[in-house]
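Colleague: Pasting a structure here, questions to come.
The values are calculated or read from the model by the stated rules, or taken from the named source; none is laboratory data. Every value quoted in this text rests on a predicted model; they were computed, and no experiment measured them. Positions of Cβ are generated from backbone atoms using ideal geometry, with glycine treated the same way; all protein chains shown enter the neighbour counts. Accessible surface areas use protein heavy atoms only, side chains included; no ligands, DNA or RNA. Shrake-Rupley method; radii C 1.70, N 1.55, O 1.52, S 1.80 Å.
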Amino acid sequence: EADIYQTPRYLVIGTGKKITLECSQTMGHDKMYWYQQDPGMELHLIHYSYGVNSTEKGDLSSESTVSRIRTEHFPLTLESARPSHTSQYLCASSRGSTNEKLFFGSGTQLSVL
Amino acid sequence: DQQVKQNSPSLSVQEGRISILNCDYTNSMFDYFLWYKKYPAEGPTFLISISSIKDKNEDGRFTVFLNKSAKHLSLHIVPSQPGDSAVYFCAARHSGTYKYIFGTGTRLKVLA
């Protein structure tokens with residue numbers, strides 16, 4: 001049902017590397033989100049976008065940045081990865097209408113050594 | 001301060017019995033509530049939702065109950081099946097925004 005794609009699924013990199021996590025959706029949704037989740041913890045909202053050229057920081061402070069140049073694409077970038085960035089990163093989207101659910105991608109499991 | 005709380009980190013239930021997962025929230029401005037199911041290393045999948053103007057919503061084996069005065073919602077799964085074993089997250093959306101706040105999840109194990 002969900003047409004939202006995240007790549008890569010798994011990523012292991014060394015400290016100090018720059019990385020970009022990709023997220024694309026084909027549903028034409030205006031609203032897109034990035035959540036970060038560690039085992040046993042809640043999903044923390046780190047970035048969201050309500051449309052092209054609109055990005056906001058979420059409730060959890062994050063050293064990552066995002067961009068929204070096209071409706072369907074919402075990449076997340078870490079300029080210099082650190083072990084503390086090890087986590088699962090989940091991208092989601094919604095139409096944004098009343099009582100609209102979030103559709104999630106499969107997630108990227110990031111490990112920074 | 002955590003606005004959406006799932007106080008039971010885990011729950012075990014026999015196959016065929018009822019599973020009841022609970023969720024409490026503190027913000028009276030939440031107007032839409034959702035339940036998601038999640039497997040390790042995968043994204044959450046939507047199960048069922050309820051608007052704040054309702055107190056019950058049913059979809060097959062899944063029923064969500066909302067008690068606004070107690071700021072409490074629950075998910076009932078009847079009958080429980082081994083394939084239901086996963087982590088369940090409740091989420092709430094703040095009225096007038098499109099931000100969804102999630103709880104910490106409850107790991108459900110259905111025993112065959």
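Colleague: Take the Cα of B:Arg17, step 7 Å along the line toward its Cβ, and report every residue of the stretch B:50-64 whose backbone nitrogen sits under 19 Å from that point.
Modeller: B:62-63
Colleague: Just to be sure I understand the curve: with the Debye formula and one point per C-alpha of chain A, what is log10 I(q)/I(0) at q = 0.11, 0.15, 0.17 Å⁻¹?
Modeller: Debye intensities relative to I(0), on a log10 scale: -0.31, -0.59, -0.76.
Colleague: Can you list the GluC sites (Glu not before Pro) in the stretch A:45-107 that are in a DSSP coil and have 14 or fewer other beta carbons within 10 angstrom?
Modeller: Details: sites: A:Glu56, A:Glu63, A:Glu72, A:Glu79, A:Glu100; in loops: A:Glu63, A:Glu72, A:Glu79, A:Glu100.
Passing both the DSSP loop test and the Cβ count: A:Glu63, A:Glu79.
Colleague: What percent do you get for the relative contact order of chain B when only Cα pairs under 8 Å and 6+ apart count?
Modeller: On the way: 275 pairs, mean separation 41.2, N = 112.
Answer for chain B is 37 percent.
Colleague: Which whole-angstrom value gives the distance between the alpha carbon centres of the stretch B:41-109 and the stretch A:25-71?
Modeller: After rounding, the separation between the Cα centres reads 22 Å.
Colleague: Moving on. Could you tell me the total accessible area buried at the B-A interface, probe 1.4 Å, in square angstrom to the nearest hundred?
Modeller: Numbers: alone 6220 and 6210 Å², together 10470 Å².
Looking at B and A, the buried total is near 2000 Å².
Colleague: What whole-number value in Å² describes the accessible area per residue of the protein assembly as shown for a 1.4 Å probe? The partial results should precede the final answer.
Modeller: Details: 10470 Å² over 225 residues.
Per-residue value: 47 Å².
Colleague: Same structure again: What is the gain in length, in nm to one decimal, between A:Thr71 and A:Asn99 on full extension, counting 0.36 nm per residue of separation less the C-alpha to C-alpha distance?
Modeller: Working: separation 28, 0.36 × 28 = 10.08 nm, distance 2.08 nm.
Contour length minus Cα-Cα distance gives 8.0 nm.
Colleague: Evaluated at 10 °C with a viscosity of 1.306 mPa s, what Stokes-Einstein diffusion coefficient in µm²/s does the protein assembly as shown have when Rh comes from the Kirkwood expression over alpha-carbon pairs?
Modeller: Values: Rh = 18.0 Å.
Rounded, D is 88 µm²/s.
Colleague: Would you please state the base-10 log of I(q)/I(0) at q = 0.12, 0.18 1/Å for the stretch B:17-111, with intensities from the Debye formula using one equal scatterer on every alpha carbon?
Modeller: Log-scaled intensity ratios, in q order: -0.35, -0.78.
Colleague: Which of the pairs B:Lys38/B:Lys68; B:Lys38/B:Lys109; B:Lys5/B:Lys71 have their Cα atoms more than 21 Å apart in this structure? Numbers along the way, then the final one.
Modeller: Values: B:Lys38/B:Lys68 26 Å; B:Lys38/B:Lys109 13 Å; B:Lys5/B:Lys71 11 Å.
Beyond 21 Å: B:Lys38/B:Lys68.
Colleague: Report which residues of the stretch B:36-84 become buried by 30 Å² or more of accessible surface when going from the isolated chain to the complete set of protein chains (1.4 Å probe; DNA, RNA and ligands ignored).
Modeller: Buried on complex formation: B:Tyr36, B:Lys38, B:Ala41, B:Gly43, B:Pro44, B:Phe46.
Colleague: Kindly sort B:Arg61, A:Arg68 by accessible area of their heavy atoms, largest first, with the probe set to 1.4 Å. Don't skip to the answer; put the middle values down first.
Modeller: On the way: B:Arg61 60, A:Arg68 5 Å².
Accessible-area ranking of B:Arg61, A:Arg68, largest first: B:Arg61, A:Arg68.
Colleague: List the residues of the stretch A:33-78 whose accessible area drops by at least 10 Å² when all protein chains are present, compared with their chain alone, using a 1.4 Å probe and counting only protein heavy atoms.
Modeller: Buried on complex formation: A:Tyr33, A:Tyr35, A:Gln37, A:Gly40, A:Met41, A:Glu42, A:Leu43, A:Leu45, A:Tyr48, A:Tyr50, A:Asp59.
Colleague: May I ask you to give the percent of accessible area on the stretch B:36-112 that is carbon plus sulfur, with a probe radius of 1.4 Å? Write out the running numbers ahead of the final one.
Modeller: Details: 1730 of 3320 Å².
On the stretch B:36-112, the fraction of accessible area on carbon and sulfur atoms equals 52 percent.
Colleague: Under a 5 Å amide H to amide H cut-off, with H placed in plane at 1.01 Å, what residues pair with B:Ile48 once short-range neighbours are removed?
Modeller: B:Trp35
Colleague: Moving to a separate point now. Which aspartates and glutamates have a Cα less than 16 Å from the Cα of A:Lys17, not counting those fewer than 8 places away in the same chain?
Modeller: Within the straight-line cut-off, A:Lys17 pairs with A:Glu63, A:Glu79.
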